[in-house]
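Some notes on the structure that comes next.
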Amino acid sequence: MKKPILILLTLCCVSLLHAGEVKLSGPDGRLTVVVSDSGGYASYRILYDGMTFLDASPLGLTTDAGDFTRDLRLGNASDACVVDETYSLRNSKRSEIRYLAHIREIPFVQDGKTVFKVMFSVGNNDVAFRYTVCRTGEALCGVVRQEATGFRLPAGSTTFLCPQSPAMKGFARTTPSYETPYTPDDTPGKNGLGEGYSFPALFRIADRGWVLISETGVDSRYCASRLLGHAGGLYTIGFPQEEEFNGNGSASPGITLPGETPWRTITVGGTLAPVVETTVAFDLVEPLYEPSKEYADEYGCGTWSWIIAGDGSMNYAEQKRYIDFCAEMGYRTVLVDAWWDTRIGYKGIEELAAYARSKGVGLYLWYNSNGYWNDAPQGPRGKMDNLIRRRREMKWLQQTGIKGIKVDFFGSDKQAALQLYEEILADANDYGLLVIFHGCTLPRGWERMYPNYAASEAVLASENMNFTQSSCDAEAFNACLHPFLRNTVGSMDFGGSTLNRYYNAGNRPGGSRRVTSEVFALATAILFQSPVQHFALAPNNMIDAPAWAIDFMKAVPTTWDDTRFIDGYPGQYVVLARRHGDIWYIVGVNARKETVRLTLDLPMFEAGETVTVYDDNKRLEGRVRTVRTGKRQQFSIAIPTNGGVVIHN
C-alpha cells in the first residue's frame, strides 16, 4: 500500500470567498463544496459543473456539553491538501484503487471556543465529511445527543429509498435488519414507515444527475445512522431507535474527547456511472488489525441447502449430499445453516467437516447472534454474544477446520450492537475465520477495516423468494435496484442465482415458482458483488438444468479487478461490466414490461475477438453462442422481461 501524498493546494483550488464562506473543489474542478456560517448556522452546499446538487444543508451537533448547532462562526481553516493514495482490495468491485481528493479541516467557533471541526474530502465525484468534537472544558469523554447533519435536495428531485423498520417488530422481534422494499422514483417529504430510511439513499436531482448518500468508517466508537425525512427536501441524520436491542444500550453514541464521528459520503454525477463505480466507502478507512492469514485465498463459490430445501434439509445425510454436489461443481464451501447444533450435533459436524476435507470442500456454520435482544429460536444460540463462550466456540471451529461463520439476527444500529459486530470479527480473525452477517446492518467500509469480513445481507435477499410468490414476481425489479443502491457501498450476501424452477427439494410444482430465466440467474451471479457466494443451486440441477448454465456456474468468479457501469435505470434494467483477470463479463437483466433493446459500445473487447453470448428469446428460453466482434466493437442486445444477457471473452 502506498502512503497518502499530501500537497498544499494553491489558492486556485481552495479560496476564502468572503467572510463566513469557504470553497473547496475536487481535483478536476467540477465538484465543489461551499461551507458557510450564514446567520450563525453551519451549512454546506454542493455544486457539480456549476449546478446545485445539494442546497444549503445543515451541519452541527448537540452533545452533553452543549448545543453546537447555532451561534456559530467559521474559524481559521487548516491548509488545504491533496491526498493521493493507492491501495489493494480483493473483496470489492475493484482490486486496485486510487483515492485522489482535496481535503481541508474547517473549525466552527461558539462563544470564543472551537466546538467542532469538519474535515471535508472532495474528489472528482465524491464528497465526504466527518466531525471532530472538541474539548470545551475538562471532560475527556462525552455523549452526542443529536446531529443536525442534513442533506437538502433541490426542488424537482425524486427518491429511491428503503424505509427503516420499526424496532423489535417482524419475525421474532428482529428488526431493523435492512430488509424492507425500496420505493423508486418517489417524491421527497416523507419519512418511510415513520422511522426514516436506511443507507444507502439514492436521489435523482431533477434533470441534472444523481446523488448517492451513505456513511462509512462506522465501528464500536459510534453508532450507525439512518436518514430522517422532513419537508422541503431535507433529510437529516437520525440515531438508532431507543427500542432497538430490546431497549438495551444507548441510542446516543459515547465518544472520547476530542473524538471523531463516522464519515458521511455523497457521490455526485451527471450519470449513474459514478454511483455504481464509487469506492468512497473504502477510500476513507484503514484496516483496524492485521489479518491472521491470507483470507483472499479462501474467497470463492459455494452451495447451501436451506435456500431450496429449508429446515428439513438440516440433517447429516443431506449436508453430505451437498458436499458431494459442491465438490462436483468445483466450489470451495458448503454453508450449513440454522439448527445444525441439535439436528446434526457437534460430533456430527466434526465428522462432516472431515468428510468435506476429503472432497476438497470447507464448511461455513450458521450462528444466532442472540443474547437478550430478540426472540429468534434458531440455534446455536448464546454462543456469539459472550466473549468467553464465543472464543471457546471459535477455538473448536478452528480445530474442526471450519472456514467461516454466518451470524444472524442482530436487529440494531446502536453503539452496543456495533461493538458486538467488531468483537465477533476481531475474535474470528484470531481463529482464522471469515465472517458473513445476516439479519444485520449495512457494512460501512468493513471490507477494508476488518480483513476477515466477507459480506453482509442487509437486503431483501433470496430467502424471501422461498417464502412468498410475490418476492419471486419482484425478483427482476429488485435485481435492477441493487447495483445502484445496496451493492454500491459494500459486499452483498444475496444467496441467489437459482436454477430450480420451484423452491423445493424436488423441484416440483408447489410453493414459490421462479419467473426469471436461466440466463437471468447467470447474470446475477456476476451482477451481485460478494467475494464469497453461496448460490441457490441444488444437486438436482446437474440433471434438470441446461448443461451450458451449469458449465457457466462452475467457472463463475467472485472477485473483480474492475467494474464499469454501461447502461440502466434503477428498478427497470441494468447492464454492467466486471473484469476478473483478463476476462470481461458484460451482464444485463430487465424488469421492464417490454423488451429492452440496446446497442452497446464495448471497447474492452478487441475488434475481431470471439466472445461467448448467453441470451433469451421472448419465451425466456436461453441459448449460448459465439460471436465475433466487429470493427466498431458494438453489440446489439435484446433482453426480454425477466430475462438476462451475459457476454464474456
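To the nearest 500 deg cm²/dmol, what mean residue ellipticity at 222 nm is calculated for the chain from DSSP H runs of n ≥ 4 alone, each contributing -39,500 (n - 2.57), summed and divided by the residues?
Numbers: 15 runs with 117 residues, N = 649.
Result for the chain, helices only: -5000 deg cm²/dmol.
Given a Förster distance of 45 Å, report the FRET efficiency between D551 and R391 from their Cβ-Cβ distance, rounded to the nearest 0.05. Write down the numbers at each step before the final one.
Details: r = 43 Å, r/R0 = 0.95.
Between D551 and R391 the formula returns 0.55.
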Handout entry: If the convex hull is drawn through the Cα atoms of the range 376-512, its volume per residue in Å³
Key = 136 Å³
Fill in the blank from the handout: Footprinting proxy, Y569, Y421: sorted fewest to most Cβ within 10 Å, the residues are Y569, Y421
Completion exercise
Rounded to whole angstrom, the alpha-carbon centroid of the range 85-107 lies from that of the range 411-464 at a distance of 22 Å
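Distances longer than 17 Å among the Cα atoms of the range 469-550: what percent of all pairs is that? Could you put the intermediate results ahead of the total?
Details: 1568 of 3321 pairs.
Tail fraction, whole percent: 47.
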Exercise for the section: Determine ³J(HN,Hα), in whole Hz, for all residues of the range 178-186 in sequence, where each value follows from phi through the Karplus function 6.51 cos²θ - 1.76 cosθ + 1.60 and θ = phi - 60°; x replaces Gly and Pro. Expected result: 6, 10, 9, x, 6, 10, x, 6, 9
Fill in the blank from the handout: Cα extents of the range 295-560 along the principal axes, largest first, in whole Å, come to 48, 40, 35
Problem - Interchain or long-range residues, amide H under 5 Å from V532's placed H - result: G300
Practice task
With 5 Å bins from zero, work out the P(r) of the range 101-181 over every alpha carbon pair and list the percent per bin.
Solution key: 3, 10, 12, 14, 15, 14, 14, 11, 6, 1, 0
Practice task
Could you calculate, for the chain, the ratio of the Cα radius of gyration to the Kirkwood radius, expressed as Rg to Rh?
Solution key: 0.97
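Could you work out the relative contact order of the chain? I mean the mean sequence separation of Cα pairs under 8 Å and 6+ apart, divided by the number of residues, in percent.
On the way: 1736 pairs, mean separation 74.3, N = 649.
Computed over the chain, the figure is 11 percent.
What are the GluC sites (Glu not before Pro) within the range 80-169 that DSSP puts in a loop, where the Cβ has at most 10 other Cβ atoms within 10 Å?
Numbers: sites: E85, E96, E105, E138, E147; in loops: E138.
Loop-located and lightly packed - E138.
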Practice task
Would you mind ranking D185, D111 by Cβ crowding within 10 Å, fewest neighbours first?
Solution key: D111, D185
Problem - Binned Cα-Cα distances of the range 525-631, short to long, each 5 Å bin given as a whole percent - result: 2, 9, 18, 22, 24, 17, 7, 1, 0
Exercise for the section: Would you mind getting me the FRET efficiency between A317 and D79? Use the beta-carbon distance for r and R0 = 60 Å, nearest 0.05. Expected result: 0.35
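Just to confirm the filter: which trypsin sites (Lys or Arg not before Pro) across the range 493-600 are DSSP coil and have at most 11 other Cβ within 10 angstrom of their Cβ? Mind showing how you got there, number by number?
On the way: sites: R501, R513, R514, K554, R564, R578, R579, R592, K593, R597; in loops: R501, R514, R592, K593.
Filter output for the range 493-600: K593.
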Completion exercise
Any residue on another chain or 5+ positions along whose placed amide H is under 5 Å from the amide H of G196 is listed here as Q164, G229
Exercise for the section: Could you let me know the centre-to-centre spacing of the range 585-649 and the range 370-387, using Cα atoms, in angstrom? Expected result: 47 Å
Handout entry: From phi via Karplus (6.51, -1.76, 1.60), per-residue ³J(HN,Hα) for the range 464-469 in Hz, x at Gly/Pro
Key = 5, 6, 5, 7, 9, 5
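What does the charge add up to near H534, with Lys and Arg as +1, Asp and Glu as -1, over the other residues with Cβ less than 11 Å from its Cβ?
Details: positive: R332, K406; negative: D337, D493.
Surrounding charge for H534 is 0.
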Fill in the blank from the handout: On the formula 1/(1 + (r/R0)^6), with r taken between the Cβ atoms of S38 and L288 and R0 of 45 Å, the FRET efficiency rounded to 0.05 is 0.70
Completion exercise
If W339, W446, W396 are placed from fewest to most neighbouring beta carbons inside 10 Å, the sequence is W396, W339, W446
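I need the per residue convex hull volume for the range 5-283, using only the alpha carbons, in cubic angstrom as a whole number.
Numbers: hull volume 38.6 nm³, N = 279.
Convex hull volume per residue, Cα atoms: 138 Å³.
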Fill in the blank from the handout: By the mean-Cβ-within-10 Å protection proxy, highest first, 486-494, 463-471 rank as 486-494, 463-471
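Read the figures in this text as sums done on the coordinates, not as results from a lab. Just so we're clear, the structure is a prediction, and the values are computed from it rather than from any experiment. Neighbour counts run over all protein chains shown; Cβ positions are idealised from the backbone, glycine included.
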